[in-house]
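Student: Please see the structure below; I have some questions.
The values are calculated or read from the model by the stated rules, or taken from the named source; none is laboratory data. All of these numbers come straight from a predicted model, not from anything done at the bench. Because the Cβ atoms are built from the backbone with ideal geometry, glycine has one as well, and the counts that use them run over all protein chains shown.
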Amino acid sequence: MSRIRDRTEDFKDVVRQTALSLGYDESKLAAILASFIIHKPLQRSSFTKAALKTLESIKALEQFMLKHRKDYVDLHRTTEQERDSIEHEVSAFIKACQEQIDILKNGINSEESDSKGWLGIRADNSNVDTIAHKHGVVLILSERLHSVTIQFDQLRAIRFQDAISRAMPRRKLKRNANSNSEDSSKSNAIELRELHELQSDPLRLQQQHLDDETRALQVELSSLLDVVHETETKMVELSALNHLMSTHVLQQSQQIELLYNQAVEATMNVELGNKELTQAIQRNSSSRTFLILFLFVLTFSIIFLDWYS
Amino acid sequence: MALNLRQKHTECIARMLNLNQPVNATGTANEEVYKILIYDKFCQNILSPLIHVKDLRKHGVTLYFLIDKDRKPVHGVPAVYFVQPNQTNIQRVIADASRSLYDSFHLNFSSSIPRPLLEELASGTLNSDSINRISKVHDQYLEFVTLEDSLFSLAQKSSYVQLNDPSAGDREIEEIVERIVTGLFCVLATLAVVPIIRCPRGGPAEMVASALDQRLRDHLLSKNNLFTEGGSFVSSFQRPILCIFDRNFELSVGIQHDFRYRALVHDVLGLRLNRLSVQGEKGGMRSYELDSSDPFWVVNGSLEFPEVAVEIESQLNKYKKDVDEVNKRTGGTDGAEFDGTDLMGNTKHLMNAVNSLPELTERKQVIDKHTNIATVLLGEIKERSLDSYAKKENDMLVRGNIDRNELLGVLRGKGTKMDKLRFAVMYLISSENINQSEVESVEAALREFEVDTSAFQYVKKLKSLNASVATANLASRNNIVDWAEKIYAVTAGVKNLLSSDRQLALTRTVELLMDGKPNPEIDSYLVFDPRAPKSSSGTSHMRGPFKEAIVFMIGGGNYVEYGSLQEFAQCQQPVKHVIYGATEILTGVEFVEQLTLLGHKMGFGSNAAASTR
């Protein structure tokens, strides 16, 4: 990548020359040059501090996800409970970040409404540009959080796919086992019926015993099938909820973007409003003088007429 | 090393937005994450094709303002200024600093700030005692507009008029040459290459080339120069060639009507900085963006218009088919199949459908956008019969003359005044010998339609000057290029009679220059090599085949040349890269307006009585 030219050194030289020519003494010169080297730390408002903290927590969340990503996705490294716990932690984290962003947003809104109460006395910190800037900060934060959520959704989708694909062959196997057992029981029954004539009562007992076993197996297998059905529907529901959550976060970020655009518009509107106000004041004063003059002239004319007639 | 100008430009701007600290992927805990961006009008034009507002937020920019706007103080954030280094901007910066609008100022100038302005800034801020607010001052060398991956413009208006103005003094011409050289230097600094410069003799091209060579030499001698290539005699395989041309080299391309999609959109609808506003179908103006993120535009930009319409149709059909398939798989089927497998299949298809929906909506939007543009274009073409203009102009250039009745018929037919004027000027340029009576009848026809003929007169004068030079001095180099241009145009036309496009003289010349084999046409071209010591003779190995080229047109370029150069580059084996740039990107109408202005200055104005030659 190409390099750029840092002209700050040139600028310092020029500053020194100009200061000398303007007759600054040594101490002032030293102070000025020192300010270049040691930058005064920016005074941060509480808002900015809170925003930076939220950013830190989102970054921490990203790190956490990166660390546990392999564990989460790979089938053999963790058990279901560990995965559930990871999921739980991550969603709790997301909720906490979301709350922080909400607090920041409410802070801006309350500041806006407060400053509106004091018409004449507007504190320096609450002009339109600053409010637009704060909205921008909140918007950036929520976009960041949204991207993290999307990443996490993708991981969850992978997990579900794995789980579902694992469920499918199990069911296939079960069905095969089922049919096999059915077949085997059928063949057993046929065999037993063939041997029926040759066998006596103890064989019939055995046959019944086998039938019972077969039926019991059947019942067990169908109940397992039901359980698997239930799990599937639950997973589908979970994925739908997943999508819902992500769309909610997306909605929020959209709302915040809307607010931000409105704040920028408000800046422009305030300018127009100021212009209109100055015009109105001018017109007001001019109309007042006209009115006074008019009444004055009328009074005098009435007095004059009275005196005349 | 493929020169992708747009990518490098975007990287430089991203770095600037990151307060000139290198952008690393992981991102260290940067204390100053949120910033405010302030720019002036010129730099707004630089930024708008490259970065959208959403991307600004990714770099942490919360607000962005024009420098002239009235701004309120915002505490606790650094402000990044990206402005041109001139007097008014410096005054504004001093005013802002004294009003303590922001806590720290990072000043970035789009080209090198000269010493006197720096002194002014220093004295202004010292006097208002706000010197501690200015943290950094940088020269960005980004004073050009990148429109596409290989297309840039210096956004310097009316340079053709100023350079060819008969009343221009030496000092003014030098100023313009300085500005062009600054712009070219910025482009080279962003690409971080020191090319070998070639240009035809005489004219503004030679002036710009020698000034640029001088500038590069001076810069390479100074410490911490911007070009990191090591070694003084790098093999020519790695250095690109910079070809500088003047608009007078091939005047016809700037004027003619072209029928390719990109050129049409630019000429007829007014594409500016990759943005376009057209009348929507339901009434009301709609604004579209056409750049490299639009897949249809990238693929089909250089096709002729009827083929573009066919492409839109086919894309629309493909989209409809995809939508039908998605619908079939997920919904609307008989829901009687409710056993396990189908339920599983259905949910999987549902998820696929949900994932593919955004992609489908995006495709639909692109198709709608191009349908709208094509419809508006079609209306204009029908109204002004632009297709017949384009075809007839092409025929004229290929054959060299045109039937007189046909010519007058076109002039009396459909089309705006500008179209007729352009056609007449094209006739003048393309005809090999000027038939006086025909020219007079053409002028009469133009005057009949109240078309301002100053541009026509100007080109006539230009042509007569060239012709007289030709007959006077056969050995002069200039005219070999003129002759070669005509010969190549005709031969290329004959060669390409079966194919639809005619290769431009510019493309031919660039091809020869890139090959580097000695050729009578380009032997007269000067060579400048800023890295070689001044006394060394032009070593022949520096003229070897080049793989990359930067072509610069002084006085105005357009999309036709860009398209033709890209085609040439793609057809080569191995694929070469050509970057095309100009002082500004002009439509045919704007260029003819500049010619009209020149005609007025020469005294061919309509109020001057019919001047006899």
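Student: For B:V177, which of the numbered conditions (1) more than 23 Å from the chain's Cα centre (by Cα); (2) under 20 Å from B:V527 (Cα atoms) fails to hold?
Tutor: (1)
Student: Let me ask another. Evaluate the following for A:E276: is it of a type in the set (D, E, K, R), free of Cβ contacts under 8 Å to residues at least 60 places away in the same chain and either under 19 Å from B:L63 (Cβ atoms) or touching a strand residue (DSSP E or B) at 6+ places or on another chain (Cβ under 8 Å) (or both)?
Tutor: On the way: of a type in the set (D, E, K, R): yes; free of Cβ contacts under 8 Å to residues at least 60 places away in the same chain: yes; either under 19 Å from B:L63 (Cβ atoms) or touching a strand residue (DSSP E or B) at 6+ places or on another chain (Cβ under 8 Å) (or both): no.
Considered against the rule, which asks whether it is of a type in the set (D, E, K, R), free of Cβ contacts under 8 Å to residues at least 60 places away in the same chain and either under 19 Å from B:L63 (Cβ atoms) or touching a strand residue (DSSP E or B) at 6+ places or on another chain (Cβ under 8 Å) (or both), A:E276 comes out as no.
Student: Quick one: what pairs do we get from region A:227-238, first residue in contact (Cβ under 8 Å) with a residue 40 or more places away in the chain and away from chain B (no Cβ under 11 Å), second part of a helix (DSSP H, G or I) and surrounded by 10 or more Cβ atoms within 10 Å (Cβ to Cβ), C-beta under 9 Å, 6+ apart or different chains?
Tutor: Hits for this filter: A:T231/A:A163; A:T231/A:A167; A:L238/A:R156; A:L238/A:F160.
Conditions (1) within 30 Å of A:S147 (Cβ to Cβ); (2) exposed (fewer than 15 other Cβ atoms within 10 Å of the Cβ), marked per residue:
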{"residue": "A:L217", "(1), (2)": "no, no"}
{"residue": "A:S222", "(1), (2)": "no, yes"}
{"residue": "A:D226", "(1), (2)": "no, yes"}
{"residue": "A:E230", "(1), (2)": "no, yes"}
{"residue": "A:S239", "(1), (2)": "yes, no"}
{"residue": "A:V249", "(1), (2)": "yes, no"}
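Student: Please go through region A:9-27 and pick out each residue that is touching a helix residue (DSSP H, G or I) at 6+ places or on another chain (Cβ under 7 Å) and either facing chain B (nearest Cβ under 8 Å) or modelled with pLDDT under 80 (or both).
Tutor: A:D10, A:F11, A:V14, A:V15, A:T18, A:A19, A:L22
Student: Turning to a different aspect of this structure: Counting residues that are modelled with pLDDT under 80, which helices (runs of 4 or more DSSP H) fully inside region B:448-563 reach at least 3? Step through it out loud before you land on a result.
Tutor: Working: elements: B:454-472, B:477-495, B:505-515.
Fully inside region B:448-563 and qualifying: B:454-472, B:477-495.
Student: Which residues, taken from region B:127-167, are assigned to a loop (DSSP other than H, G, I, E, B), within 14 Å of chain A (Cβ to nearest Cβ) and among the hydroxyl-bearing types (S, T, Y)?
Tutor: As a first pass, look at region B:127-167 and keep what is assigned to a loop (DSSP other than H, G, I, E, B): B:128-130, B:140-144, B:149-150, B:154-158, B:165-167.
With the extra rule that they be within 14 Å of chain A (Cβ to nearest Cβ), the set shrinks to B:128-130, B:140-144.
Of everything in region B:127-167, those that are assigned to a loop (DSSP other than H, G, I, E, B), within 14 Å of chain A (Cβ to nearest Cβ) and among the hydroxyl-bearing types (S, T, Y) turn out to be B:S128, B:S130, B:Y141.
Student: Next up: Would you mind telling me which numbered condition in (1) more than 10 Å from every other protein chain (Cβ to nearest Cβ); (2) modelled with pLDDT of 85 or more; (3) surrounded by fewer than 21 Cβ atoms within 10 Å (Cβ to Cβ) B:Q21 fails?
Tutor: (2)
Student: Further, regarding this structure: Hey, does region A:30-51 have a residue that's at pLDDT below 80 and more than 47 Å from the chain's Cα centre (by Cα)?
Tutor: For region A:30-51, residues at pLDDT below 80 and more than 47 Å from the chain's Cα centre (by Cα): present.
Student: Filter region B:103-126 down to the residues that are without any contact (Cβ under 8 Å) to a residue 12 or more places away in the chain and either touching a Leu at 6+ places or on another chain (Cβ under 9 Å) or at the interface with another protein chain (Cβ under 9 Å from one of its Cβ atoms) (or both) and list them by number. Write out each step before concluding.
Tutor: Initially, region B:103-126 is screened for residues without any contact (Cβ under 8 Å) to a residue 12 or more places away in the chain, giving B:115-116, B:119, B:122-123, B:126.
Across region B:103-126, the qualifying residues are B:R115, B:E119, B:A122, B:S123, B:L126.
Student: If I go through region B:71-118 residue by residue, how many of them are small (G, A, S) and under 26 Å from B:F144 (Cα atoms)?
Tutor: Residues of region B:71-118 small (G, A, S): B:76, B:79, B:95, B:97-98, B:100, B:104, B:110-112.
When the remaining residues are screened for being under 26 Å from B:F144 (Cα atoms), the result is B:79, B:110-112.
Final tally of qualifying residues: 4.
Student: May I pose another question? Within region B:31-47, how many residues turn out to be loosely packed, with under 15 Cβ neighbours inside 10 Å and under 18 Å from B:L154 (Cβ atoms)?
Tutor: Taking region B:31-47 first, the residues loosely packed, with under 15 Cβ neighbours inside 10 Å are B:31, B:41, B:44.
With under 18 Å from B:L154 (Cβ atoms) added as a condition, the list becomes B:41, B:44.
So the answer is 2.
Student: Out of the residues in region B:209-241 that are in contact with a helix residue (DSSP H, G or I) (Cβ under 9 Å, 6 or more places away or on another chain) and assigned to a loop (DSSP other than H, G, I, E, B), state the one that is modelled with the highest pLDDT.
Tutor: B:P240
Student: Something else: If B:A95 passes every condition in (1) within 13 Å of chain A (Cβ to nearest Cβ); (2) farther than 27 Å from B:V181 by Cβ; (3) surrounded by fewer than 20 Cβ atoms within 10 Å (Cβ to Cβ) but one, which one does it miss?
Tutor: The one condition B:A95 does not meet is (1).
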